[in-house]
Amino acid sequence: MNDGSQIYYFLICVCLGACSGVVYDFFYCLRVPFKSVWARIIFDALFCVVFAFVYIFSSVLFELPS
């Protein structure tokens with residue numbers, strides 16, 4: 001892997017991290033009306049499942065190295 005591809009993969013990971021923050025804020029706004037601990041657990045688990053799919057999809061799409 002050369003320097004150009006490392007920068008490319010780094011920028012992809014930075015964009016995915018920023019996207020995960022936006023998605024987490026969206027899920028946070030959805031759970032605010034609910035005060036129970038179970039709502040927090042459910043929305044956090046849902047976020048993990050959704051973003052695990054996004055990371056796997058992105059890894060395959062951009063052919064990220066292991």
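The values are calculated or read from the model by the stated rules, or taken from the named source; none is laboratory data. Since the structure is predicted, the reported quantities are computational estimates derived from the model, not experimental observations. These area figures cover heavy atoms from the full protein model, side chains too; ligands, DNA and RNA do not enter into them. Shrake-Rupley method; radii C 1.70, N 1.55, O 1.52, S 1.80 Å.
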Gain in length, F62 to N2, computed as 0.36 nm per residue apart minus the alpha-carbon separation, to one decimal in nm? 20.0 nm
Mean ellipticity per residue at 222 nm, deg cm²/dmol - from DSSP H runs of n ≥ 4 across the chain, formula -39500 (n - 2.57): -29000 deg cm²/dmol
Can you give the three extents of the C-alpha atoms in the chain along their principal axes, from longest to shortest, in whole Å? 50, 16, 14
For the chain, the per residue accessible area (1.4 Å probe, Å²) is 79
Accessible area of the chain belonging to carbon and sulfur atoms, whole % at 1.4 Å probe: 75
